[in-house]
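Each remark here refers to the structure printed beneath this line.
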Amino acid sequence: MKFYKRLEPKTCEQLLSIFREKNYEIKGEKLEFTGVGNKDVYNITAPFEDDNDMVIAGRVEERDSEYSQVVFFVFRNGKWQPRENTKTFSLQDPFVTKIGSELVFGGVEIFPHPEIENALWYRTVFYRGKNINSLEKFAVGPDGMKDIRLIELSDGRIGVFTRPQGEIGGRGKIGFTIINSLDELNSEVIMKAELIEKQFIDEEWGGANEIHLLKNGLLGVLGHIARFDEEGNRHYYPMVFAFNPNTKEATEMKIFATRSNFPEGPAKRPDLVDVVFSGGIRRLENGKAEFYAGIADAEAHKILIPDPFLEYEELNISI
């Protein structure tokens, strides 16, 4: 596995072909949630520690609605249930990381589109605090941008992954920039992030969902690559790559699971049947990792996979 200048980005189908050659026969499992009535729980984070509890943040909403709450769940008696006396947030698609001693949490806020009647628009909002219940909003991303993720680098600075669309990013490409502290995070800085070269063809798109600082200082990026088919159905695949924050070079992406690796289940809409939303990865000590995912915008699943970041940590690179 090397960093190199790609001549052309690989398509979803090309990456899928490489994945299928590995003959993965692993199968995931649906996570059971309680305490939310008939609402769906999906697009979850990986478990993280908060005040001595292992907690999952999940998007909770009615099947026919886009208005969701982020609820924090703890595992009790075989199911995930809302943790008592814990804040909730009117957001979609939660994410978490640690920057210094602080918990950094965020999600997607929706609001009426300023120009299109009866349409919704969105932006990413960020909170910080010593724990969930002390979280306070500190930054807001540009209108119309999801998949903004933060990671503390090995030198203490903060890497910022972005996903512009439109004139700069087309359907959605990954950008990167570095800030010195959380106080510097704002829409202007995010919009100036430099795109990572040749990751997606113009007809497809992708984004970063969770970032891991690897032992050698490289960044292990969990993300997604997606496309439309001829009928307008969406196809989302979880992928990873390694990124050098100093040289801005990336390895080739690799898909590591597909919808068929998870149990069958409902979808929010017919065009979302083949959507695997990358929520988070929990790395284990045995060369394995638990991947947590939203499935078809209706359910939350997890799957045990070979740790996809191990090969990047073995690269003879020190940052």
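What follows is calculated from the coordinates using simple rules that are stated; it is not laboratory data. Owing to the predicted nature of the structure, the values given are computational and were not obtained by experimental measurement. Here the Cβ positions follow ideal geometry from the backbone for every residue, glycine too, while neighbour counts run over all protein chains shown.
Just a few scattered comments:
- Where labels lie 7 Å past Cα in the beta-carbon direction, separation of LEU304 and LEU120 in nm: 3.6
- Gained length - SER90 relative to THR11, 0.36 nm times residue gap less alpha-carbon distance: 25.0 nm
- Cα-Cα over 18 Å, subset of LYS27/LYS302; LYS27/LYS146; LYS27/LYS288: LYS27/LYS146
- Under 14 Å from a label point set 7 Å out along the Cα-to-Cβ vector of THR34, the amide N atoms of the range 69-83 belong to 74-83.
- The length gained by stretching the chain between SER154 and GLU314 to full extension, at 0.36 nm per residue less their Cα-Cα distance, is 55.9 nm.
- Selection among ILE168, PHE89, LEU120 by position relative to the dipole of the chain gives PHE89 as farthest towards the positive end (Cβ unit charges, Cα centre).
- Extension reserve of the HIS113-ASP229 stretch, reckoned as 0.36 nm per residue once the Cα distance is removed: 39.1 nm
- For the chain, diffusion coefficient by Stokes-Einstein and Kirkwood Rh (Cα), 20 °C, 1.002 mPa s, µm²/s: 108
- Relative intensity of the range 115-216 on a log10 scale, I(q)/I(0) at q = 0.10, 0.14, 0.18, 0.21 Å⁻¹, equals -0.31, -0.59, -0.92, -1.17, per a Debye sum over C-alpha point scatterers of equal strength in the absence of solvent.
- Residue-averaged 222 nm ellipticity for the chain, from DSSP H runs of 4+ at -39500 (n - 2.57), nearest 500: -1500 deg cm²/dmol
- Of all DSSP bridge pairs formed entirely within the chain, close to 95 percent run antiparallel.
- Local electrostatic count, ALA208, Cβ distance below 11 Å [Lys/Arg +1, Asp/Glu -1]: +2
- Of the peptides 78-91, 205-218, 60-73, the ranking by mean beta-carbon count within 10 Å, highest at the top, reads 205-218, 60-73, 78-91.
- Close amide H partners of LEU153, meaning residues 5 or more places away or on another chain with modelled amide H under 5 Å apart, are ILE158, GLY159.
- Compactness of the range 200-319 is given as radius of gyration and Dmax, 15.1, 46 Å, from Cα positions.
- Spacing of the modelled spin labels on GLU49 and LYS248, each 7 Å from Cα toward Cβ, amounts to 3.7 nm.
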